[in-house]
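All remarks here apply to the structure that follows.
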Amino acid sequence: MEKMLRDKKAIFLFTFPTFLLFTIIVVLPIFFSIHYSSLDWDGFSKGVFVGFTNYKNLFLNNTDGFLQSVVNSLVLALISVGIQLPISLLLALILARGIKGERFFRTVYFIPVIISTVVIGQLWMKIYNSDYGMLNGVLRAVGLDSLTNAWLADSKTALACVFAAMLWQYVGYHMLLLYAGAKSISPDIYEAARIDGASELKIAFHITIPLMKSILCVCIIFAVTGSFKAFDLIYVMTGGGPLHSTEVPTTLMYTTIFSRYQYGYGSAMAIFIIAECLVFTLVIKKLFRNDQDES
């Protein structure tokens with residue numbers, strides 16, 4: 001293996017097909033999108049070069065709700081990190097202790113991740129349905145009829161309802177990553193801590209979580225960038241409505257390109273999403289690196 005790793009021809013032979021595939025699928029579309037974002041183009045006729053005008057229109061004199069969509073995605077990222085990840089971490093720490101039925105619960109929590117997003121969207125739409133939905137049914141059953149609502153049709157509640165479904169879908173995903181991280185810690189460390197009289201709470205906060213910083217960093221990056229890229233569940237459940245209350249940059253980009261045929265302007269949104277994900281990824285990694293250096 002060491003001999004092969006020193007062989008530059010072997011390295012090139014193994015990595016070139018993957019590099020080529022990555023370039024065709026990822027790198028080239030990004031460069032094409034950068035080019036399209038500099039055009040005033042409807043996707044059919046010849047595009048007119050407008051420079052950075054499309055990017056300016058994202059933030060200046062904007063009437064399509066792009067700024068609000070960015071705020072919505074930032075709120076989703078905040079909720080994902082502040083609510084979803086703590087729940088996932090708690091479940092992971094409980095399961096990693098080797099409780100009875102560990103495999104069963106690990107599988108059950110992960111099921112929403114492998115279910116089609118369209119199916120999940122339809123499921124939650126039935127739950128939120130104003131006439132026969134389970135949520136309103138439970139409220140009526142306990143005598144809280146005044147709290148019933150057309151949840152997805154109300155601009156005040158639609159965003160929270162969609163976010164709840166998204167959090168439910170990915171709790172198991174982060175739980176499994178964190179569970180694997182907790183399981184990778186040597187049992188000898190826990191045994192030494194228990195001999196010293198440390199409680200389970202102290203073990204979790206002073207041993208398990210600090211030793212899981214690398215996987216926590218990965219989960220935070222996935223949660224934040226996943227929030228910025230969120231599209232399918234929102235599109236299935238609300239399509240960005242009502243009145244753009246659940247709009248995020250990806251749904252607005254889709255509508256702009258494929259409904260309004262503003263390919264240049266929509267491509268500028270796409271590049272903004274890529275840049276946003278890249279910047280936040282670098283910032284999060286930098287924060288964790290500084291934290292590890294201080295510790």
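The values are calculated or read from the model by the stated rules, or taken from the named source; none is laboratory data. A quick note: this is a predicted structure, and the numbers were derived from the prediction, not measured. Note that each Cβ is placed from the backbone with ideal geometry, even for glycine, and that neighbours are counted across all protein chains shown. In case anyone asks, the SASA skips ligands and DNA or RNA and just uses the protein heavy atoms, side chains included. Shrake-Rupley method; radii C 1.70, N 1.55, O 1.52, S 1.80 Å.
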- Would you grab the residues whose amide H sits under 5 Å from the one on THR246? Only those 5+ places off in sequence or on another chain, please, with H modelled 1.01 Å from N. GLY241
- Message: Run the numbers for ASP145 and VAL118: contour at 0.36 nm per residue of separation, minus the present Cα-Cα distance, in nm.
- Response: 6.7 nm
- Item | Amide H contacts under 5 Å for ASP40, placed H, 5+ residues apart | VAL48, PHE49, VAL50
- Task: Step through the table entries LYS156/LYS229; LYS126/LYS156; LYS56/LYS213; LYS156/LYS286; LYS202/LYS285, compare each Cα-Cα distance with 28 Å, and write down the pairs that go over it.
- Result: LYS56/LYS213; LYS156/LYS286
- So what is the calculated 222 nm ellipticity per residue for the chain, using -39500 (n - 2.57) for each DSSP H run with n of 4 or more, over all residues, to the nearest 500 deg cm²/dmol? -21000 deg cm²/dmol
- Got a number for carbon plus sulfur as a percent of segment 23-290's accessible area, 1.4 Å probe? 69 percent
- Message: Could you compute how much accessible surface MET166 exposes when probed at 1.4 Å, giving the result in Å² to the nearest 10?
- Response: 20 Å²
- Peptides 261-271, 27-37, 75-85: what's the order by average Cβ count within 10 Å, highest mean first? 261-271, 75-85, 27-37
- Ignoring ligands, DNA and RNA, what accessible area per residue does segment 23-290 give at 1.4 Å, in Å²? 55 Å²
